[in-house]
């Protein structure tokens with residue numbers, strides 16, 4: 001278990017004096033474009049707790065945006081990464097390779113959906129993985145167009161900004177963007193005009209119609225979708241939508257890419273969220289939860305597609321860094337050993353029951369949704385009109401932060417509270433965090 005005591009403790013205002021002092025230093029030297037949800041400076045973290053420099057201990061419902069699923073100082077991650085650190089920090093896999101990279105690729109071949117022959121390429125970040133998935137798909141299909149979806153988020157590089165739906169804060173003022181990117185509707189059940197029960201069939205028909213008429217299926221290299229749309233508001237596409245899109249891709253020689261950067265590695269109670277409807281993607285992109293907090297990302301997919309790029313066409317100086325690979329092997333060991341898929345499903349059980357009870361009491365809660373430990377509540381000014389309530393989301397987050405609970409907001413309309421607790425969080429802390437959320441709603 002974590003060396004950090006697993007109990008919430010608020011001993012100063014949040015942020016406290018030391019954090020405020022550090023924030024002043026930060027403002028002087030760190031670019032203003034780099035934001036922070038909560039300017040408390042971390043001293044140590046583990047389990048379900050973040051301890052700041054002032055000695056406050058916050059319950060962590062963010063996991064560094066779905067990264068520290070195994071905790072922020074998991075024993076196996078620390079042990080394996082420390083051993084690797086002592087042996088060597090870097091040789092560049094493209095210069096002289098090492099076993100850790102191969103082991104991670106073997107693990108990915110075993111864990112990702114489908115029993116076809118698979119290969120992987122490792123990178124540093126989710127955006128890099130998505131960008132390389134596009135390179136590989138274009139190389140394989142000899143086509144150029146890429147199809148993405150409303151409310152999708154795929155990264156902050158030039159190409160992945162083009163793939164991302166939301167303008168502020170991701171795209172504003174940063175154009176021009178990469179060409180040959182096309183956006184189509186997604187089955188956002190809660191906001192679908194004819195009701196959630198029709199969203200899967202209607203949205204997939206609309207998307208397929210638009211692709212066929214506006215782009216031409218024969219020009220599409222890849223269709224990229226998050227099986228649970230993260231930044232867009234933890235939107236689970238209505239049932240039937242993903243299978244229909246995957247089938248359309250298959251029939252038209254289009255590479256179907258599941259972006260599992262936020263939803264992968266036990267987060268939704270399965271190794272990968274696309275497994276829920278039996279989707280077997282051609283390529284799958286992973287990052288975030290893969291390495292217990294060390295920077296690592298991957299593209300894994302059908303061997304013949306992965307091999308389409310010419311030798312030397314894929315890579316990067318730090319891609320598959322040996323210390324990060326060791327961390328990934330430690331994270332995967334932890335996930336298997338502690339059955340973190342089972343833990344994620346238990347977190348869903350606890351959270352959904354408590355949040356559903358709150359929904360009955362507080363009309364501001366329009367919908368409770370999500371899977372596993374990827375749960376969200378969408379806030380509305382009025383349940384009939386479903387007008388988004390971003391102000392309440394901000395106020396609730398502020399209340400929680402002051403009480404020692406770290407929560408994050410998201411959503412195209414900024415009106416979604418998202419909960420991403422570490423999968424190793426204790427149930428007492430989970431319930432205490434939910435108590436604070438309930439108090440926050442009462443105070444609203």
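For 12, 68, which order do you get if you count the other beta carbons within 10 Å of each Cβ and list the fewest first?
Working: 12 15, 68 29.
Taking fewest neighbouring Cβ atoms as first place, the list is 12, 68.
Stokes-Einstein at 20 °C, 1.002 mPa s, Kirkwood radius from Cα pairs: D for the stretch 77-337 in µm² s⁻¹? Write down the numbers at each step before the final one.
Numbers: Rh = 18.6 Å.
D, rounded to a whole number, is 115 µm²/s.
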In deg cm²/dmol and to the nearest 500, what is the mean residue ellipticity at 222 nm of the chain if only DSSP H runs of at least 4 residues count, each as -39500 (n - 2.57), divided by the residue total?
-11500 deg cm²/dmol
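For the chain, what proportion of DSSP beta bridges, expressed in % and rounded to the nearest 5, is antiparallel?
Numbers: 33 of 49 bridges.
Percent antiparallel among DSSP bridges in the chain is about 65.
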Between residue 353 and residue 219, take the C-beta separation as r, use R0 = 51 Å, and let me know the FRET efficiency to the nearest 0.05.
0.60
Whole-Å distance linking the alpha carbon centroid of the stretch 187-210 with that of the stretch 23-72 is 38
Contour minus Cα-Cα span, residue 206 to residue 144, at 0.36 nm per residue, comes to 20.2 nm
If packing is taken as the average number of other Cβ atoms within 10 Å across a peptide's residues, how do 46-53, 212-219, 13-20 rank, most packed first?
46-53, 13-20, 212-219
Spin-label point model (7 Å from Cα, Cβ direction): what's the residue 23 to residue 91 distance in nm?
4.7
Rank by packing, highest mean first: peptides 21-33, 338-350, with packing defined as the count of other Cβ atoms within 10 Å averaged across residues.
338-350, 21-33
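Taking every DSSP beta bridge with both residues inside the stretch 77-337, roughly what % is antiparallel (nearest 5)?
DSSP beta bridges in the stretch 77-337 are roughly 45 percent antiparallel.
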Would the chain count as rounded, prolate or oblate if I go by the C-alpha gyration tensor, calling it rounded below 1.5 in a/c and otherwise prolate when a/b exceeds b/c, oblate otherwise?
oblate
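Read-outs: derived from the displayed coordinates by stated rules, not from any lab. Quick caveat: nothing in here was measured; it's all calculated off a predicted structure. Every residue, glycine as well, gets a Cβ built from its backbone with ideal geometry; the counts of neighbours run over all protein chains shown.
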